[in-house]
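For reference, the structure discussed in these notes is given below.
The values are calculated or read from the model by the stated rules, or taken from the named source; none is laboratory data. Only a predicted model underlies this, so the values are computations on that prediction, with no experimental measurement involved. Backbone-built Cβ (ideal geometry, glycine too); neighbour counts: all protein chains shown.
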Amino acid sequence: MAPNDSAETTGEATGEVTGGSVGRRKAARYIVPVAVAGVAAATIGLVPALADSGDPDLPAITAQELVEKIAASDEQQLSGTLKISTDLGLPSLGGLTDSLLPGGQGGADTSSAAPEAKLTELASGTHTLRLAADGPDRQRLSVLGKGSEYSVVHNGADVWAYDSASDEVYHQRAEGGDKDHPAPKGVPGTPKEMAEEALAAADKTTSVTVDGTTRVAGRDAYRLLIKPKQSGSTIGAIRVAVDAANGVPLKFTLAPSGGGKGVVDAGFTQVDFAKPDASSFSFTPPKGARVTEADEPAERTDEKADELGAFQKELSGLGDLGAVNVIGEGWTAIAEIKAGEAAAGDLSGMPAEAQGLLGAFGDKVSGDFGSGTVFKTRLVNALLTDDGSVYVGAVTKDALVKAADTAR
Amino acid sequence: MSRADLTAAPERSALWTFGLLGSELTTVLRRGRTLALLGVLAAVPVLIGIAVRIETGDGSPAGPGGGGGPAFLSQVSHNGLFLVFAALSATLPVFLPMTVGVVAGDSVAGEANAGTLRYLLVAPAGRSRLLLTKYTSVLVFCLVATLVVAVSGLVAGALLFPVGEVTTISGTRIGFGEGLLRAGLIALVVAVSLSGFAALGLFVSTLTDSGIAAMAATVGVLITAQIVDGIPQLDAVGPYLFPHLWMSFTDLLRAPVYWDEIVRNLGVQAVYVAVFGSAAWARFTTKDITV
């Protein structure tokens, strides 16, 4: 820096200021951007903290009363924005859908706009959803993508699904009319359904308590805490925030017993219990879009529902399908699947490299039952024994091994 | 610290500023380089339109079935208005800001390089005012560049494809008039999205006396930011980068409009304008102008 140079050439500051004081003044100006950056950083850091502070003061309520409040809740009209984060500890469930769901949803003849295929994508990652409902006959669910949107609109007998990324439409017309509501059925993520599922599982194996109050989407809410009493479950705690005014579950969090962030974290970021605009339930396929009609709507729906149901049962390890045998009860129930000779033959018939690969994905374990491989996710673990039996459950590795030992 | 800053006559200066801005704008927009950039920007929607037209000429759906490529590409062949959105999605990540980087980077450093900066400072405008004028002209260029893409997209879309009622990406329908309105709003949001990057370019421009160096550095910062934003392991810094929420303009095509990310994007841009604008001011008002 040569301050006097500048003074000469631009004819501004004259020689009366000493170099030192010019330097100080120059430095002083840089305080402005630094201060602006500081204020911005402080605002970003502080505003959410300030907004979060101060859980509302609500009259005390028992867990029983709160559960009843949920059950009694009869809000038919609502619209809102949901944020769902799911981290099952799988690389990407989207890619596994085909192999997990029998019937190959991703086949060439099925539309990419078919609801089941799209909605299973919600099982991993973070998604923003918009929900609107007006009574049992009109619902709308949209999954907001980057520059695209996937919407399922149910209006009376029609179910439309529109995928704006591929400009494809899927249409299903239910002959029976109001009897079937595939749109809400296919939604795994609304807080209400999740809460109901969790409460249905509640019995003497479960502790249900009220864990203070909170604010969700600007509304006062009670927090219901559901914890397994048994040890060995991978589920640590389930928290459901319930609207204090109308009993609608607003937020659902499933924390694993191993710690870390929630496996499932679904909640409204904005919610409104007024009647949604009627236009949001009307849908006409855009000109030129490829429309796939669901063939034989009624049968197909049942079949799909069965598939989905079976899949869910398998996941929760409570299923009773043919060779499946359930060990234990409640949170630590383990499904035992005797695959028998065929699968065992398959396994040992595999090339050594493939077996090595299988081993790389799982942990080798051994016990009284012999030896096997444990495949772990954050929620569901599975033990594949070398003789071809499979033990699956939302339980820890040790619990699986113990179950295998006892079953022997 | 400049005495000119303090002694500029206040009553004369308002008129002076407009005069300065006017001549600045004329200089920027008439420059051959600027015209060439705008010409290339105008060609992008036309190229996209022709490519889609050729590909869908036999009635087959546009693009790969999965909806790859820039957003809205699959809707273009059914509604020409979507060419505006597709073109903006295609140019916004790199091309559009690159032209802004060239103009912003050149704004001060180019004058210094050409030796004309000292003459500008002799006039009793003051350095702060001069800087503000420079920044305003860069902002005007942001708007002009965005509008060039949008208008070219609209014209090409209307000529090559049918236009009419618009289906929002939520699947609801809006009239063509409202569709045009949304397109205008989108162009405005895109132009404003570039303001943070323009301020950054202006700051870089005050750091050096070489126009080329300033342009290269500004465009380099843009590319670096885009790369960092694209790395999944660096997700944590993403929300603080200026390009992170640029594509949020697509939320204007939802029904109802999803404002959250648009507002957050504008907030991020405001912070960048404040920080780098004041940094450019601190640098420029204390800089030694030797050339």
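Checking region A:245-268 against the condition returns no match, with no residue being more than 22 Å from residue A:84 (Cα to Cα), assigned by TED's automatic domain parsing to the domain that holds residue A:161, surrounded by 15 or more Cβ atoms within 10 Å (Cβ to Cβ) and not polar (S, T, N, Q).
The rows are residues; the columns are (1) within 16 Å of residue B:87 (Cα to Cα); (2) within 14 Å of chain A (Cβ to nearest Cβ); (3) touching a strand residue (DSSP E or B) at 6+ places or on another chain (Cβ under 6 Å).
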residue	(1), (2), (3)
B:109	no, no, no
B:114	no, no, no
B:132	no, no, no
B:143	yes, no, no
B:149	yes, no, no
B:164	no, yes, no
B:175	no, yes, no
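Quick one: is residue B:255 closer than 25 Å to residue B:167 by Cβ and either within 11 Å of chain A (Cβ to nearest Cβ) or of a type in the set (Ser, Thr, Tyr) (or both)? Yes, satisfied.
Return a yes/no flag: does region B:200-216 have any residue that is within 13 Å of another protein chain (Cβ to nearest Cβ), under 26 Å from residue B:264 (Cα atoms) and not in a helix (DSSP H, G or I). Checked against the condition, which is being within 13 Å of another protein chain (Cβ to nearest Cβ), under 26 Å from residue B:264 (Cα atoms) and not in a helix (DSSP H, G or I), region B:200-216 yields no hits at all.
Scan region B:226-239 and give yes if some residue there is in a helix (DSSP H, G or I), of a type in the set (A, V, I, L, M) and out of contact with any helix residue (DSSP H, G or I) (no Cβ under 8 Å at 6 or more places or on another chain), otherwise no. Looking for residues that are in a helix (DSSP H, G or I), of a type in the set (A, V, I, L, M) and out of contact with any helix residue (DSSP H, G or I) (no Cβ under 8 Å at 6 or more places or on another chain), one finds at least one in region B:226-239, hence yes. Taking the conditions (1) surrounded by 21 or more Cβ atoms within 10 Å (Cβ to Cβ); (2) within 11 Å of another protein chain (Cβ to nearest Cβ); (3) of a type outside the set (D, E, K, R) in turn, residue B:242 satisfies each one other than (2). The condition of being at pLDDT below 70 and in contact with a helix residue (DSSP H, G or I) (Cβ under 8 Å, 6 or more places away or on another chain) holds for only one of B:10, B:61, B:45, that being B:61. Hey, can you tell me all the residues within region A:243-264 that are within 26 Å of residue A:57 (Cα to Cα) and hydrophobic (A, V, I, L, M, F, W, C)? Within region A:243-264, A:244, A:245, A:248, A:250, A:252, A:254, A:255 meet the criteria. The residues of region B:265-290 that are free of Cβ contacts under 8 Å to residues at least 40 places away in the same chain and more than 7 Å from every other protein chain (Cβ to nearest Cβ) amount to a single one, B:267.
Here region A:39-83 is the region considered, the condition is being outside any helix (DSSP H, G or I), modelled with pLDDT of 75 or more and among the hydroxyl-bearing types (Ser, Thr, Tyr), and the residue that is nearest to residue A:249 (Cα to Cα) is A:73.
From the list A:220, A:211, A:203, A:180, the one residue that fits, being touching a Gly at 6+ places or on another chain (Cβ under 7 Å) and either in the same structural domain as residue A:260 (by TED's automatic domain parsing) or at pLDDT 85 or above (or both), is A:203. The set of residues in region A:141-164 being surrounded by fewer than 24 Cβ atoms within 10 Å (Cβ to Cβ) and not in a strand (DSSP E or B) consists of A:145, A:146, A:147, A:148, A:156, A:157. Listed here are the helices (runs of 4 or more DSSP H) enclosed by region B:94-190 that have at least 1 residues being modelled with pLDDT of 90 or more: B:95-114, B:127-160.
Any residue at all in region A:240-260 that's in a loop (DSSP other than H, G, I, E, B), within 14 Å of chain B (Cβ to nearest Cβ) and not β-branched (Val, Ile, Thr)? Looking for residues that are in a loop (DSSP other than H, G, I, E, B), within 14 Å of chain B (Cβ to nearest Cβ) and not β-branched (Val, Ile, Thr), one finds none in region A:240-260, hence no.
Residue A:375 meets the conditions (1) crowded, with 20+ Cβ neighbours inside 10 Å; (2) within 25 Å of the chain's Cα centre (by Cα); (3) among the hydrophobic types (A, V, I, L, M, F, W, C) in every case but one. The failed one is (1).
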